[in-house]
1. Tell me which residues, restricted to the range 113-132, are open to solvent by 50 Å² or more (accessible area, probe 1.4 Å) and of a type in the set (Val, Ile, Thr).
2. Tell me whether the range 82-98 contains one or more residues that are of a type in the set (Ser, Thr, Tyr), assigned to a helix (DSSP H, G or I) and over 15 Å from ASN140 (Cβ atoms).
3. With (1) within 16 Å of the chain's Cα centre (by Cα); (2) modelled with pLDDT of 95 or more as the list, and LEU122 as the residue in question, which single condition is left unmet?
4. Tell me which residues, restricted to the range 76-99, are touching a Leu at 6+ places or on another chain (Cβ under 6 Å) and either open to solvent by less than 20 Å² (accessible area, probe 1.4 Å) or modelled with pLDDT of 95 or more (or both).
5. Go through the range 23-37 and give me each residue that's open to solvent by 100 Å² or more (accessible area, probe 1.4 Å) and either in contact with a Leu (Cβ under 7 Å, 6 or more places away or on another chain) or of a type in the set (D, E, K, R) (or both).
6. Which numbered condition trips up THR153, out of (1) surrounded by fewer than 14 Cβ atoms within 10 Å (Cβ to Cβ); (2) modelled with pLDDT under 95?
7. Tally up the residues in the range 60-74 that are buried (at least 20 other Cβ atoms within 10 Å of the Cβ) and either part of a helix (DSSP H, G or I) or of a type in the set (Val, Ile, Thr) (or both), please.
8. Among (1) under 15 Å from LEU23 (Cβ atoms); (2) in contact (Cβ under 8 Å) with a residue 40 or more places away in the chain; (3) in a strand (DSSP E or B); (4) among the aliphatic types (A, V, I, L, M), there is one condition MET141 misses while meeting the rest; what is its number?
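The values are calculated or read from the model by the stated rules, or taken from the named source; none is laboratory data. Note that the structure is predicted; figures quoted are calculated from it, not measured. Don't worry about glycine lacking a Cβ; one is built from the backbone with ideal geometry, like all the others, and counts go over all protein chains shown. Just the protein is used for accessible areas: all its heavy atoms, side chains included, with ligands, DNA and RNA removed. Shrake-Rupley method; radii C 1.70, N 1.55, O 1.52, S 1.80 Å.
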Amino acid sequence: MKKTLYFLLFLIGFCSYSQVKTLNVGSVKNKNYLSMIKFEMIGDKLIVPVQIEGETYRFLLDTGAPNIISKHLDSILRPKKLGTLNTTDAAGNRQPLPVVSVSKLTFGEVEFSNTATLVYDLDTSKIWQCLDIDGFIGSNMLRKSIIQIDTQTKTIILTDN
């Protein structure tokens, strides 16, 4: 539990500095898009379907974090490596995380290309294991999108307008 809290605190501080230099890589294929995406709520967490290479995966939507894929998904996809990012969490623990480029990721009907994504071992946390997720959809991928979340209908509206 303590590791998970430190990891979340790390992401919050990390996003404000490093995304500008490293993670704001990638583009949106669609123009003038409007997509309605159904999601599942587990507690207060939004779990969304994401398609990569024809397979559907479960991602946590977290607009306060960067895109992340699990080490397991990284071993399946074998994306292009962009480098390593040295990270420090709230407790001062340092850990280098690989940065990869996910060539094509479809969220709803919107296709994102060459998105910079961190690789993290989600199996080290019981919370992420419990949610059975393969990664995070984060702010660096959605930086040019507008998102509206309707918890009553469990629908996300994703648009660029």
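1. Scanning the range 113-132 gives THR124, ILE127.
2. No, the conditions are met nowhere in the range 82-98.
3. Every listed condition holds for LEU122 apart from (2).
4. Within the range 76-99, THR87, LEU97, VAL99 meet the criteria.
5. If the condition is that a residue be open to solvent by 100 Å² or more (accessible area, probe 1.4 Å) and either in contact with a Leu (Cβ under 7 Å, 6 or more places away or on another chain) or of a type in the set (D, E, K, R) (or both), then LYS29, LYS31 are the ones that fit.
6. Going through the list (1) surrounded by fewer than 14 Cβ atoms within 10 Å (Cβ to Cβ); (2) modelled with pLDDT under 95, THR153 breaks only (2).
7. 4
8. Among (1) under 15 Å from LEU23 (Cβ atoms); (2) in contact (Cβ under 8 Å) with a residue 40 or more places away in the chain; (3) in a strand (DSSP E or B); (4) among the aliphatic types (A, V, I, L, M), MET141 violates only (3).
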